[in-house]
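**Q** Before I ask anything, here is the structure I am working with.
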Amino acid sequence: MTLDNLSVQKQKEVMAWVDRRRRLTLHRTPTYASGLYQVEIWFNTYSRDVLKDAVWHSKADLVRQIMEYIRVYSSEGASPSAGLTPGNR
């Protein structure tokens with residue numbers, strides 16, 4: 001399970017619960033993991049744009065829709081340097 005660095009996850013009770021589950025491994029994101037935050041932002045956008053109220057009639061339909069969303073998002077919505085000027089990149 002991948003977690004952020006929220007301190008609640010380091011509480012004794014939580015760690016004891018995790019220790020009782022031998023097949024569970026926790027992975028914490030680095031404190032300043034801006035790249036991972038971008039992934040969270042993308043999944044939030046994807047969830048809002050696609051998953052909410054969606055129905056697929058087959059796994060193939062789901063895969064086709066995901067790939068189409070990625071294609072469109074990559075060509076129209078993705079811009080890692082949006083809002084940056086050459087002087088502050």
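The values are calculated or read from the model by the stated rules, or taken from the named source; none is laboratory data. Because the structure is predicted, anything quoted here is derived from the model rather than measured. We place every Cβ from the backbone using ideal geometry, glycine too, and count neighbours over all the protein chains shown.
**Q** Identify the single condition in (1) modelled with pLDDT of 85 or more; (2) assigned by TED's automatic domain parsing to the domain that holds M1 that Q65 does not satisfy, given that it satisfies every other one.
**A** (2)
**Q** Considering only residues that are basic (K, R) and surrounded by 11 or more Cβ atoms within 10 Å (Cβ to Cβ), which ones fall in the stretch 60-74? Talk me through it step by step, then tell me what you get.
**A** In the first step, residues of the stretch 60-74 are kept if they are basic (K, R); the result is 64, 71.
Matches in the stretch 60-74: R64 only.
**Q** Of everything in the stretch 24-41, what is of a type outside the set (S, T, N, Q), within 23 Å of V14 (Cα to Cα) and either in contact with a Lys or Arg (Cβ under 8 Å, 6 or more places away or on another chain) or modelled with pLDDT of 75 or more (or both)? Give them in sequence order.
**A** Of everything in the stretch 24-41, those that are of a type outside the set (S, T, N, Q), within 23 Å of V14 (Cα to Cα) and either in contact with a Lys or Arg (Cβ under 8 Å, 6 or more places away or on another chain) or modelled with pLDDT of 75 or more (or both) turn out to be L24, L26, H27, R28.
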